[in-house]
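Undergrad: Here it is, the structure in full.
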Amino acid sequence: MKLYSDLEYLKLSKGQKFLYNMACFFAAIPRWFAKIGIAIGRFFKNLVLGIGHELKDLVTTFTHGDWKTKISYVVMGFGNIARGQILRGILFLAFEAVFIFYMVTTGSLWLSKLPTLGTVGPHEEYDEILDAYTKVYGDDSFKILLYGVLTIFFIIAFIYTWRMNIKQNQTAEKILATGKPLKSGKDDLRSLVDDQFHKTLLALPVTGILIFTVMPIVFMILVAFTNYDGAHNGFSNNLFTWVGLENFKQLLSFSDGNKVYTAAFGEILTWTLIWAFFATFTNYFLGMFVAMMINKKGIHFKKFWRTVLVLTIAIPQFISLLYVSKMFAQNGLVNGFLLSMGWIDSPLPFWTNPTWARVTVILVNIWIGIPYLMLIATGILMNIPADLYESAKIDGASGFQQYAHITLPYMLFVTGPYLLTSFTGNMNNFNVIYLLTGGGPDKAWASAAGGSPGQTDLLITWLFKVTTGADSKYYQASVIGIMVFVVMALITVIVYGLLPSNKNEEDFQ
């Protein structure tokens, strides 16, 4: 939305420019969501077209390929071995043998039980030797889900490797048709430390990411569609089963039975966004201000002041935050001092009043967050060309005008991505909230919600409470985790498009 030309925009007052920019921002939100929808649709369109192209290529290769290639469709690596590429052929054949062995022995069993997550739960059977009924454990829903996901990943890896095997045969036929020799095993090994060295380096990290990052994420997403909790742990207690979208309806529906869950989620989400906003921008601007003060000409003992601030970072938060929590307690050092001086008649409710608790955690976070920004800002401020300030002074610019038109734009350009990551990091800032307040004070009306969230709980601390205790509701924690990801992803996509470092990169080159 653009109501004014560039010349008309320059004639607006500061207040009018602010309102105009805000109107443009909110008017652009539907377009951003439309772009996201178009991008998703384009992705699935390209996916379908890609699959169609691959299937067509497979049929063409089989139709026009020689007998070695056709046998390779069933026996992986046969074409490579028959054409003298022994090492490649053995690797393909070995992978196929391992896959078949796994699927025959255990993989097919896990896949067959995945739709139900087990049918035989723990039960008692009569033991003739002991002449008594003993508990017998049947299926394990947790293992079925875990190894079922692992098997699916293994199948995908097999399909990808099988496709590589077909492409190898296709490429080999084309090379031989030109009269050129194929690479030998020695050539393959030599290329792994030469022109293909990047693949050698990335093989282990990528495998680790798939096994230890992607698979657990997929597993935890699937947990959101089950009733996995303390009463249904899948083995020693009852089995857990698929429940579809029931858990999402419970968290996001305002029906009579779900009002507490939905209201608790809405209030905690709101407080999480408020906390993330203040925790990010108070630290950002105050840290920048402290850095500017220390770097100002005429300030003595610069290293001393920086060292004092850095001590806040050097001391582990587990120690410093727990100590601060005790300091501001009802019988803590702060209240004791104020009472002894006669400045207050009763202890201040730092951790017992919701408003006091929320303001206090924001202030304490300023204390531990400013040093990080001070260090970052110090390095950036030193790189701003001094002639910009000299020119501004000659033109009669005040100190605030120099800050608003030189320092701040430069800082925002360089630290824009950091601001975004800091905001998302503060949304998941577990340490500050949990170590200071433990999520308290209590929120009586929300006691029926899983984990009994408190007034200062963030989504991440609520998630932790949901997964601890006898009534651990892992399915609810998984739903909360998914919702946190959705919120953070939307904020990241929208804000990233507004960052000066993304929009006006050429201005600072």
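Undergrad: Ignoring any ligand, DNA or RNA, what whole percent of the accessible area of segment 240-360 comes from carbon and sulfur when the probe is 1.4 angstrom?
TA: Working: 5240 of 7290 Å².
Whole-percent figure for carbon plus sulfur exposure: 72.
Undergrad: Sequence neighbours fewer than 8 away in the same chain don't count; with that in mind, list the aspartates and glutamates whose C-alpha is under 17 Å from K135.
TA: In chain and number order, the partners are E124, E125, D127.
Undergrad: Among I299, Y147, A449, whose Cα lies farthest out toward the positive end of the dipole of the chain, if unit charges sit on the beta carbon of Lys, Arg (+1) and Asp, Glu (-1)?
TA: Result: I299.
Undergrad: Something else about it: Using the Karplus curve 6.51 cos²θ - 1.76 cosθ + 1.60 with θ = phi - 60°, work out ³J(HN,Hα) for each residue of segment 116-126 in order, rounded to whole Hz, and write x for Gly and Pro.
TA: Using θ = phi - 60°, the values come out as 10, 6, x, 10, 10, x, x, 8, 9, 10, 7 Hz.
Undergrad: With the Cα gyration tensor of segment 268-411 giving a ≥ b ≥ c as the square roots of its eigenvalues, does the rule (a/c under 1.5 for rounded; else a/b larger than b/c for prolate; else oblate) give rounded, prolate or oblate?
TA: Values: a/c = 2.34, a/b = 2.01, b/c = 1.16.
Verdict is prolate for segment 268-411.
Undergrad: Follow-up question, since we're still on this one. Ranked from highest to lowest mean number of other Cβ atoms within 10 Å per residue, what is the order of the peptides 73-82, 114-123, 210-219? Provide the component values of the computation, followed by the final result.
TA: Values: 73-82: 20.0, 114-123: 15.2, 210-219: 12.5.
Highest to lowest by the protection proxy: 73-82, 114-123, 210-219.
Undergrad: Now a separate question. Please list the helices of the chain that count as membrane-span-like by this rule: a mean Kyte-Doolittle hydropathy of at least 1.6 together with Cα atoms stretching 27 Å or more along the helix axis, each helix being a complete DSSP H run.
TA: Values: long enough: 14-64 (71 Å, 0.44); 141-177 (54 Å, 0.78); 259-295 (53 Å, 1.13); 354-381 (38 Å, 1.54); 474-496 (32 Å, 2.08).
The qualifying helices are 474-496.
Undergrad: State whether segment 74-228 is rounded, prolate or oblate according to the following rule on the C-alpha gyration tensor (a ≥ b ≥ c being the square roots of its eigenvalues): a/c under 1.5 gives rounded; otherwise a/b larger than b/c gives prolate, and the remaining case gives oblate.
TA: Values: a/c = 3.37, a/b = 2.40, b/c = 1.40.
Prolate, since a/c reaches 1.5 and a/b exceeds b/c.
Undergrad: Roughly how many Å² is the accessible area per residue of the chain, as a whole number, for a 1.4 Å probe?
TA: For the chain, the per-residue accessible area is 59 Å².
Undergrad: A further question follows. Let me know the charge dipole size of the chain about its Cα centre in debye, to the nearest 20, where only the beta-carbon of Lys, Arg (+1) and Asp, Glu (-1) is charged. Before the final figure, lay out each step's value.
TA: Values: 38 positive and 32 negative charges, 338 e Å.
Using Cβ point charges on Lys, Arg, Asp and Glu, the chain gives about 1620 debye.
Undergrad: Moving on to the next point. Are any of the pairs K17/K297; K45/K143; K296/K393; K143/K167 more than 25 Å apart by Cα-Cα distance, and if so, which?
TA: Values: K17/K297 35 Å; K45/K143 35 Å; K296/K393 16 Å; K143/K167 36 Å.
Over 25 Å apart, Cα to Cα: K17/K297; K45/K143; K143/K167.
Undergrad: Turning to a different aspect of this structure: From the helices alone, meaning DSSP H stretches of at least four residues, give me the mean residue ellipticity at 222 nm for the chain, per-run term -39500 (n - 2.57), in deg cm²/dmol to the nearest 500.
TA: Working: 23 runs with 336 residues, N = 509.
Counting only the DSSP helices, I get -21500 deg cm²/dmol.
Undergrad: Magnitude of the Cβ-charge dipole of segment 1-146, K/R +1 and D/E -1, about the Cα centre, nearest 20 debye?
TA: On the way: 16 positive and 13 negative charges, 335 e Å.
Dipole size: approximately 1620 debye.
Undergrad: According to the square roots a ≥ b ≥ c of the eigenvalues of the Cα gyration tensor, what is the shape class of segment 380-485, taking rounded for a/c under 1.5, prolate for a/b larger than b/c otherwise, and oblate for the remainder?
TA: Working: a/c = 4.78, a/b = 3.32, b/c = 1.44.
Verdict is prolate for segment 380-485.
Undergrad: Let me ask something else. Calculate the dipole size of segment 139-256 relative to its Cα centre from +1 charges on Lys and Arg beta carbons and -1 charges on Asp and Glu beta carbons; express the result in debye to the nearest 20. Walk me through the numbers on the way to the answer.
TA: Values: 10 positive and 10 negative charges, 151 e Å.
The calculation lands at about 720 debye.
Undergrad: With point charges of +1 on the Cβ of Lys and Arg and -1 on the Cβ of Asp and Glu, referenced to the Cα centre of segment 28-91, which listed residue (V48, V75, I86) lies farthest in the positive direction of the dipole?
TA: Ranked along the dipole, the leading option is V48.
Undergrad: Taking the Cα centre of each part, how many Å lie between segment 7-76 and segment 331-373?
TA: After rounding, the separation between the Cα centres reads 50 Å.
Undergrad: While we're on this one: Considering only Q16, A357, N428, whose Cα is most displaced toward the positive end of the charge dipole of the chain, charges sitting on Cβ of Lys, Arg (+1) and Asp, Glu (-1)?
TA: The one lying farthest along the dipole's positive direction is Q16.
Undergrad: For T467, what charge total do you get from the other residues with a beta carbon under 14 Å from its beta carbon, if Lys and Arg give +1 and Asp and Glu give -1? Before the final figure, lay out the partial values.
TA: Values: positive: K465, K473; negative: D229, D457, D471.
Taking every Cβ under 14 Å from that of T467, the sum is -1.
The values are calculated or read from the model by the stated rules, or taken from the named source; none is laboratory data. Predicted, not measured: the structure shown is a model, and the values here were computed from it. Here Cβ is always computed from backbone atoms with ideal geometry, including for glycine, and neighbour counts include all displayed protein chains. With ligands, DNA and RNA removed, areas are computed over all heavy atoms of the protein, side chains included. Shrake-Rupley method; radii C 1.70, N 1.55, O 1.52, S 1.80 Å.
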